[in-house]
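Asker: Encoded as structure tokens, here's the structure I'll be asking about.
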Amino acid sequence: MTELAIFDDVLVAVDALPRDPACTRDAAGALPAVAAATTARSAGAGAPATAGVAPPLVGARRRGHHRAMPVSVRAAVADDHDAYVALFGELGVADPPLAREAWTARLGDALVAAHGGAVVGYAITQRLVDTGYVRNIVVAPGARRAGVGRALMDAIAARLRAAGMTAWCLNVKPDNRAAMALYGACGLRHAFDSLSVTLPWSAVARLPAAPPGAHALEVLAADACAEAEAAMGLYPGLLAHAVGAGAWTPLALRRDGAVVGATRLATRNACVFPLRVAEPGVAGALLRAVEPRAAPGPSILVVVEDDVALERAVLDAGATVLMRTAHLHGRL
């Protein structure tokens, strides 16, 4: 699955470390009905060091105590690609890391944390209209619980504010309590839950019947994305960001001219992320229209967000659960 994220530098006693004062703000105002999906995974203490990144820190962790390590956070450069590839493996996903050319194209969105000259973490963000989306945040196994993740989060917040963003968001496994506590200390609050499933194409026919009307799939141009984002409660700019990017194709399903569904279709694999529909019956019509455009294969990965009825429909149709995630949102 593309655009997964990991946060392994979990600090149990976050108050014991220096913090950016802005990271103590609560999320203010009503949360929008927005969408996205990624995940986080925690690795146990003592995991082997990843090749190309810093080795474990001797003495950095003691029973119940976590010692901060000196770390500098800087803008990523092209030569960080090898370290990024090594750290990307910590995601534990089937997708390959970005190729060097693609990594170089995203340098404006990437930060790395360094200790003693070695890269010990990285983060990739996405700037939408007014919201910064933390897509990846990874810390080397040997550098976890030493303040690296907090340093990355503080640097991300500062960079997003400087770019004019007024909010930020990310995704995490809800049972990762330490990471949830750290994100909460940075003002991020639970907005909604997401479900990622694998749905066989043969099961699409078992989804609820589409409501009456003429349904038509539209590949969205940049000037048409705002309408679909507003209609489906997506972050402003989420679909527009995909236009011309190459990795995703923004799509909308119209019924008698009105937008009743929207998603982004991955170009490298069969994945719709996020899938937003006005009602569960629309999902089948949208997926049937998407199938000829999707990468070949027996199934499609579907990310359902903030929609219990649609979750129930895809599971009843025969989908296999991959993961559940919590989407967090906060003000900057």
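Asker: Along the Cα→Cβ direction, 7 angstrom out, place labels at ALA295 and ALA230. What is the inter-label distance in nm?
Answerer: Between ALA295 and ALA230, the label points sit 3.4 nm apart.
Asker: Find the relative contact order for the range 192-275 and round it to a whole percent, using C-alpha pairs within less than 8 Å whose residues are 6+ positions apart.
Answerer: 24
Asker: Now for a separate question. Would you mind computing Rg(Cα) / (2.2 N^0.38 Å) for the range 244-332, counting N as its residues?
Answerer: Its radius of gyration relative to the 2.2 N^0.38 Å reference: 1.12.
Asker: What FRET efficiency comes out for ALA68 versus GLU218 if R0 is 41 angstrom and r is the Cβ-Cβ distance? Round to the nearest 0.05.
Answerer: Values: r = 51 Å, r/R0 = 1.24.
Efficiency computed from Cβ-Cβ geometry: 0.20.
Asker: Then there is this: Neighbouring Cβ atoms within 10 Å as the yardstick, rank HIS190, HIS327 fewest first.
Answerer: HIS190, HIS327
Asker: Next question. Using the crude model of +1 on Lys and Arg Cβ and -1 on Asp and Glu Cβ, and no other charge, please compute the dipole size for the range 195-330 relative to its Cα centre, in debye to 20.
Answerer: 360
Asker: Of the beta bridges DSSP finds with both residues in the range 195-330, what % are antiparallel, to the nearest 5?
Answerer: In the range 195-330, DSSP labels about 90 percent of beta bridges as antiparallel.
Read-outs: derived from the displayed coordinates by stated rules, not from any lab. Worth saying up front: this structure is predicted, and the values here are computed from it rather than measured. Heads up, the Cβs are rebuilt from the backbone with ideal geometry, glycines too, and the neighbour counts pull from every protein chain shown.
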